[in-house]
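What follows is one structure encoded as structure tokens, with my remarks underneath.
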Amino acid sequence: MPLGTLDRTPPPFFKQGPSALSKLMFFSALALFLMVADLRFRITQPIRAAVATALYPVQWLAMQPVRAVQHGGGYFTALSQARASEEGARQKLASQSLRASQVEQLAQENSRLRKLLGLREQAAITGMAAQVLYDAPDPYTRKVIIDKGMFQGVELGSPVLDESGVLGQVTRVHPLVSEVTLVIDRELAIPVLNTRSGERSVAFGEPSAYGGGLELRFMGSNSDVQQGDLLTTSGVDGVYPPGLPVARVGRIERRAESAFARIYCTPQAQVNAAVHVMVVNPVSTGALQAPPAAPAAVPGKGGRK
């Protein structure tokens with residue numbers, strides 16, 4: 001082959017493409033678009049549900065050693081502790097039996113009074129038992145994961161209780177598990193009623209108070225609130241059944257230069273040690289849905305000519 005027919009242009013060592021700045025701008029714009037689209041249209045909810053379903057067996061296997069250690073420690077509990085627990089359980093059962101008889105009598109009186117006054121009967125409370133699997137991995141929120149999900153009939157917004165009071169609310173539902181936001185999370189608010197004074201308010205989560213508590217905001221400095229007052233759900237939001245224990249007032253700060261008092265409350269539920277919980281169906285499902293938009297006015301109809 002003649003020497004002049006060879007291509008003397010050296011081949012490129014590296015394949016040319018978009019610059020690093022162009023790639024950074026493209027992926028930044030794509031990430032911003034996906035965040036806005038997920039916030040407005042929740043396009044990643046099916047992906048999250050699929051990932052949660054796929055990872056559930058891995059999470060279950062990872063939890064088995066922890067459960068084995070816990071069961072092993074419980075197996076070697078001393079006999080004296082077991083007898084003390086049994087005695088305490090018997091005393092608690094006796095007190096609960098007495099309270100149950102009193103509650104039954106009060107329920108009958110309440111039913112008679114409601115029929116006498118023609119008031120509407122309260123809706124029956126239904127729910128299911130669940131178990132807390134683990135805490136949510138986000139360190140900036142106070143959430144737990146329970147072992148009941150969409151397949152078991154858990155609804156979005158369902159209240160979650162333990163043996164002492166309101167623990168939180170279901171804020172995300174997956175096919176096999178659900179995410180529960182605790183009452184001490186700063187994103188959760190519960191309408192409450194002061195059982196002593198009958199005054200209504202709203203309790204907001206405050207993770208920094210007492211290592212995790214609640215705060216009554218927008219309460220005047222001269223409001224009738226005392227330390228030790230019990231706060232229960234008021235039921236005005238249509239989500240929580242009325243009369244469930246939420247918190248107890250722990251500390252009150254009244255300042256002369258402020259028109260509002262700082263009222264910190266201690267939750268009744270075991271927010272840091274809950275294991276077995278009850279998921280209660282919302283009182284009114286419609287309260288969790290946004291109200292329909294008002295129809296636009298049609299020109300030329302209903303107005304003056």
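Within the range 165-174, can you find the residues that are among the small types (Gly, Ala, Ser) and part of a strand (DSSP E or B)?
Passing the criteria: only 168.
Could you list, in sequence order, all residues of the range 23-50 that are part of a loop (DSSP other than H, G, I, E, B) and surrounded by fewer than 11 Cβ atoms within 10 Å (Cβ to Cβ)?
Across the range 23-50, the qualifying residue is only 42.
Per-residue answers, yes or no, for (1) out of contact with any Pro (no Cβ under 9 Å at 6 or more places or on another chain); (2) at pLDDT 80 or above:
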position: 17; (1), (2): yes, no
position: 46; (1), (2): yes, yes
position: 81; (1), (2): yes, no
position: 125; (1), (2): no, no
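Looking only at the range 150-164, count how many residues are in a loop (DSSP other than H, G, I, E, B) and either under 8 Å from the mean Cα position of the chain (by Cα) or closer than 12 Å to residue 280 by Cα (or both).
Result for the range 150-164: 7.
Only one residue in 90, 114 is in contact with an Asp or Glu (Cβ under 7 Å, 6 or more places away or on another chain) and either part of a helix (DSSP H, G or I) or outside the structural domain of residue 245 (by TED's automatic domain parsing) (or both), so which one is that?
None of the other options fit; the residue is 114.
If a residue must be in contact with a Ser or Thr (Cβ under 8 Å, 6 or more places away or on another chain) and charged (D, E, K, R), how many such residues does the range 132-181 contain?
Of the residues in that region, 6 qualify.
The values are calculated or read from the model by the stated rules, or taken from the named source; none is laboratory data. Nothing here was measured: the structure is a model prediction, and the numbers come from that model. When we count neighbours, we look across all protein chains shown, and the Cβ atoms used for this are built from the backbone with ideal geometry, even at glycine.
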